[in-house]
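**Student:** Structure incoming, see below.
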Amino acid sequence: MKILTPPFQPFTFNRFFCSVISTIALFSLPYAHAHADSHIIGHSYTSANYQVEEASKMFPAPSKGMTQHIIYLPKKNNEANYKIEFEIGQTKVIDCNKHSLTGKIDQHSVKGWGYNYYQVNSIAPGPSTMRACMKFDKKEAFIRLPSDLTLHYNSRVPFVFYLPEKAQLRYRIWEAQSPFQTTE
């Protein structure tokens with residue numbers, strides 16, 4: 001067996017590098033049944049059709065021009081292994097350019113309760129690329145706000161959002177696929 005000296009040693013992963021990769025991969029796979037999970041309940045109310053629900057009665061009613069979105073999650077064993085990711089945006093007919101929206105997600109707290117809710121007051125067209133597109137290059141696509149919102153899974157309190165009426169709220173559940181690793 002020939003022993004290789006430093007400039008010729010093969011590249012090996014050290015324990016630190018492996019633990020960094022493991023940590024990055026911890027929440028890298030989305031839960032396969034995020035949208036097919038029939039136990040996730042979502043309701044949307046405008047100021048015209050608002051109904052008070054027992055589990056969310058502490059949250060304010062939606063104001064005119066806004067929609068209240070309420071997401072109830074089912075109880076899971078070891079909820080610390082799950083996260084929920086939200087995307088806020090609109091479905092639009094777009095051309096071949098990359099499009100975006102602008103808007104700010106504000107976090108508020110219900111006074112006296114300490115529960116958080118999220119609000120976007122306005123959504124406007126954002127920057128886009130300026131490529132020349134063919135007329136028949138149009139398609140319908142979901143355009144989202146650039147803000148990422150990933151929260152800890154919590155089945156005890158609903159997730160509540162107030163969005164402009166034409167906005168959409170999308171979500172998916174992430175599940176940890178590996179245990180935490182340690183560095184030495």
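**Student:** Please list, ordered by residue number, the strands (runs of 3 or more DSSP E) wholly in segment 88-184 having 2 or more residues that are farther than 25 Å from L73 by Cα.
**Tutor:** In segment 88-184, 139-144 are the strands (runs of 3 or more DSSP E) which contain 2 or more residues that are farther than 25 Å from L73 by Cα.
**Student:** Tell me, please, whether a residue that is out of contact with any strand residue (DSSP E or B) (no Cβ under 9 Å at 6 or more places or on another chain), within 19 Å of A55 (Cβ to Cβ) and either in contact (Cβ under 8 Å) with a residue 12 or more places away in the chain or among the hydroxyl-bearing types (S, T, Y) (or both) can be found in segment 113-129.
**Tutor:** yes
**Student:** Among the residues of segment 126-140, is any open to solvent by less than 40 Å² (accessible area, probe 1.4 Å) and touching a Ser or Thr at 6+ places or on another chain (Cβ under 6 Å)?
**Tutor:** Yes: segment 126-140 contains one or more residues that are open to solvent by less than 40 Å² (accessible area, probe 1.4 Å) and touching a Ser or Thr at 6+ places or on another chain (Cβ under 6 Å).
**Student:** For the condition open to solvent by less than 80 Å² (accessible area, probe 1.4 Å), small (G, A, S) and at pLDDT 95 or above, what is the one hit in S56, S109, S47?
**Tutor:** Only one candidate passes the filter, namely S109.
**Student:** Another question about this same structure. Taking segment 64-87, which residues are in a loop (DSSP other than H, G, I, E, B) and in contact (Cβ under 8 Å) with a residue 40 or more places away in the chain?
**Tutor:** G65, L73, P74, K75, K76
**Student:** Looking at the structure I just gave you, is A167 among the small types (G, A, S), under 21 Å from S47 (Cα atoms) and touching a residue at least 60 places away in the same chain (Cβ under 8 Å)?
**Tutor:** yes
**Student:** While we're here: Taking segment 146-184, which residues are under 21 Å from V110 (Cβ atoms) and under 11 Å from the mean Cα position of the chain (by Cα)?
**Tutor:** Listed by number, the residues that qualify are L149, L151, H152, L169, Y171.
**Student:** Just for segment 125-160: of the residues that are out of contact with any Gly (no Cβ under 9 Å at 6 or more places or on another chain) and among the aliphatic types (A, V, I, L, M), which one is nearest to E175 (Cα to Cα)?
**Tutor:** L151
The values are calculated or read from the model by the stated rules, or taken from the named source; none is laboratory data. Quick caveat: nothing in here was measured; it's all calculated off a predicted structure. All Cβ positions, even for glycine, are placed from backbone atoms using ideal geometry, and neighbour counts span all protein chains on display. When the accessible area is computed, the model is the full protein with side chains, heavy atoms only, and any ligands, DNA or RNA have been set aside. Shrake-Rupley method; radii C 1.70, N 1.55, O 1.52, S 1.80 Å.
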